[in-house]
1. Using a 4.7 Å cut-off between beta carbons, which cysteines in chain B end up with no partner cysteine at all?
2. Mind putting a number on the dipole of the stretch B:24-182 about its Cα centre? Charges go on the C-beta only, +1 for Lys and Arg and -1 for Asp and Glu, and I need it in Debye to the nearest 20.
3. Where does helix A:77-86 land angle-wise versus the long Cα axis of chain A, in degrees 0 to 90, nearest 10?
4. Counting only the heavy atoms of the protein chains, how much of residue B:83 is accessible to a 1.4 Å probe, in Å² to the nearest 10?
5. Which aspartates and glutamates have a Cα less than 14 Å from the Cα of residue A:40, not counting those fewer than 8 places away in the same chain?
6. Given A:80/B:124; A:61/B:11; A:28/B:81; A:21/B:171; B:32/B:110, which pairs have Cα atoms separated by over 25 Å?
7. Which chymotrypsin sites (Phe, Trp or Tyr not before Pro) does the stretch A:1-68 hold that lie in a coil by DSSP with at most 15 other beta carbons within 10 Å?
8. Helix A:4-15 sits at what angle to the longest principal axis of chain A, using alpha carbons and giving 0 to 90 degrees rounded to 10?
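The values are calculated or read from the model by the stated rules, or taken from the named source; none is laboratory data. Predicted model only: the values in this text are computed from it and were never measured. We place every Cβ from the backbone using ideal geometry, glycine too, and count neighbours over all the protein chains shown. Ligands, DNA and RNA are excluded from the accessible area calculation, which covers all protein heavy atoms including side chains. Shrake-Rupley method; radii C 1.70, N 1.55, O 1.52, S 1.80 Å.
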Amino acid sequence: MMTLWNESRRIDRFLSGWMSKRQAEVFKKQLHKHPELADKVRWQKRTLQLVRLSARRQLKKELRQIEAQLLGPEGDTPLKNQITQIW
Amino acid sequence: MITITNDSKTKRELLFKELYRSSFPSVARWVKRMGGDREQAQDIFQDSLIVFYEKTVQGLLENCDNPPAYVLGIAKKLWLKKYHKIKNDIPLTDWEKNISIPPDFYHQNKKQRRLLRFVEAAGKKCLEILQSFYYHQIPLSEIARQFGFSNTRSATVQKYKCLEKIRNEVKSKNLSYDDIME
């Protein structure tokens, strides 16, 4: 019996383009036959999109911290001078 | 308890600091020329670094010999996208025109933002594992080391369990939001 995570792995391989052309064709046929599998594919795709958007938000936070370090009182003087000259 | 080391984060921080020093002044000058203020320059520059980083981890910039020029090119494209400027108003070189920006970069609807907040609150550790693999493209062997799994296989299994957990939660939450909207 296929474990749940094996099914997720197959969906993952399909969405990531890691399947061979033949494997992808077989999988697509299964999607037509099994609506519940198609539903999982749809939600997995959506979840990965949310993971990406969330990672971007996290990265933006990291960048704000780095900027505060570089442009703050103890920051990088040559960079600060250049920016001050612009504004 | 799972602990995470900061190796990848440290490497990222070094890359970003280097790019701040080499590229931020030119992006800031350009934004000022376009009539933007300092806050807009900082915002566009940070977003440019995110796009640059994504392309780097995806292996799309292996032949990029001038990262500051590339970051400036991204900043110009993002400026066009974010402030809906007309392309003809901003002269772009041929290679700048070819720089691609992820289509979902500035397109988040209200429902997505709510789901995002929910996902971030629901499974922090799982989310970190998924982000490490799918976004930062860290190999599973390294994820196993960073998150304290005994081997790559354990990390692989955990990654799929996390994917299922979050997928099911996203699905149930999204359906309930649909109900509210109806």
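1. So, B:64.
2. For the stretch B:24-182, the charge dipole is close to 280 debye.
3. 90
4. 70
5. Partners within reach: A:7, A:12, B:164, B:169.
6. A:80/B:124; A:28/B:81; A:21/B:171; B:32/B:110
7. A:18
8. Once rounded, the angle reads 70 degrees.
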